[in-house]
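The values are calculated or read from the model by the stated rules, or taken from the named source; none is laboratory data. Values in this document were obtained by computation on a predicted structure and should not be read as measured data. Glycine gets a Cβ as well: all are built from the backbone with ideal geometry, and neighbour counts include every protein chain shown. Quick note on the areas: whole protein, heavy atoms, side chains included, nothing else; ligands and nucleic acids left out. Shrake-Rupley method; radii C 1.70, N 1.55, O 1.52, S 1.80 Å.
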Amino acid sequence: MEQVNKILEQKAVRITPMRQLLLEYFLQNNGAFGLMELENAFPKSDRITMYRTLKTFEEKGLIHGINNGASEIKYALCREHCSPIHHIDQHPHFQCEQCRQITCINSQVIPKMELPKGYVQKEMTMMIKGVCPNCQG
Ligand SMILES: [Zn+2]
Ligand SMILES: [Zn+2]
Ligand SMILES: [Zn+2]
């Protein structure tokens with residue numbers, strides 16, 4: 001919990017029980033989670049508060065959203081250098097076709113693309129699909 005409070009303070013996020021709860025969950029369970037999974041993990045918690053907490057975390061540079069092409073956005077922890085003004089999450093994501101788990105591939109950077117004239121890039125996502133180490137063998 002000490003670590004949780006420290007991170008919240010660092011990112012200038014006011015400490016509330018829900019924020020502590022969710023951040024601790026992200027820290028303990030390495031991976032990406034959608035609102036539905038978090039609801040299942042904390043069935044007694046209020047859905048709206050949970051949703052707002054995710055939005056606050058995203059705005060403050062604590063977590064980043066991952067669009068896997070499905071309807072639900074998943075969230076994963078940012079690395080330390082993300083800030084409210086600037087998210088630096090230009091890494092690919094890996095989705096396992098068997099357990100559906102999404103992982104940040106932080107060791108890689110999405111390569112820059114040359115766009116045709118007149119196209120302004122806002123963001124780029126890269127989703128790699130395959131089989132994760134847990135599902136092999
Ligand atoms: Zn970020
Ligand atoms: Zn897997
Ligand atoms: Zn990521």
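Stretching GLN3 away from TYR25 to a fully extended chain increases their span by 6.7 nm, per 0.36 nm per residue minus the current alpha-carbon distance. Extending 7 Å from the Cα toward the beta-carbon at both GLN136 and ILE110 defines two label points whose distance is 2.5 nm.
Set the Förster radius R0 to 41 Å, insert the Cβ-Cβ distance between LYS44 and LYS117 as r into 1/(1 + (r/R0)^6), and round the FRET efficiency to 0.05.
Working: r = 54 Å, r/R0 = 1.32.
Taking R0 as 41 Å, the efficiency between LYS44 and LYS117 is 0.15.
Of ARG19, ARG52, the order by accessible heavy-atom surface (1.4 Å probe, DNA, RNA and ligands excluded), from most exposed downward, is ARG52, ARG19.
The Kirkwood radius of segment 2-135, taken over pairs of alpha-carbon atoms, gives through the Stokes-Einstein law at 4 °C and 1.567 mPa s a diffusion coefficient of 81 µm² s⁻¹.
Taking 0.36 nm per residue of separation and subtracting the Cα-Cα distance, full extension of the segment from MET124 to GLN98 would add 6.9 nm. Checking the Cα-Cα distances for LYS60/LYS129; LYS55/LYS122; LYS55/LYS117 against a 24 Å cut-off, the pairs over it are LYS60/LYS129; LYS55/LYS117.
Taking the chain as a Gaussian network of alpha-carbon nodes connected by springs under 10 Å, the highest mean-square fluctuation of the residues CYS96, CYS82, CYS104 belongs to CYS96. Put simply, the C-alpha atoms of segment 39-116 give a gyration tensor, and the ellipsoid matching it has half-axes of 24, 18, 11 Å, longest first.
Full extension of the chain between ARG52 and ALA70 gives 4.4 nm of extra length, using 0.36 nm per residue less the Cα-Cα distance.
By the scheme Lys and Arg +1, Asp and Glu -1, what is the net charge of all other residues having a beta-carbon under 14 Å from that of GLN10? Residues close to GLN10 contribute a combined charge of +3.
What relative contact order, as a whole-number percentage, does segment 72-137 give when Cα pairs under 8 Å and 6 or more residues apart are counted?
Relative contact order of segment 72-137: 34 percent.
DSSP assigns beta bridges within segment 2-135; of those with both partners inside it, close to 70 percent run antiparallel. Restricting segment 70-124 to trypsin sites (Lys or Arg not before Pro) that sit in a DSSP loop and have at most 10 other Cβ atoms within 10 Å of their own Cβ leaves LYS112, LYS117, LYS122.
What the chain shows is 68 Å² of accessible area per residue, with the surface traced by a 1.4 Å probe over protein heavy atoms. Over the chain, what percent of the accessible surface lies on carbon and sulfur atoms, probe 1.4 Å? Exposed carbon and sulfur together represent 51 percent of the surface. Of GLN108, GLN121, GLN90, which has the largest mean-square fluctuation in a 10 Å C-alpha GNM of the chain? It is GLN121.
Computed on segment 2-135, with alpha-carbon pairs under 8 angstrom and 6+ residues apart, the relative contact order is 20 percent.
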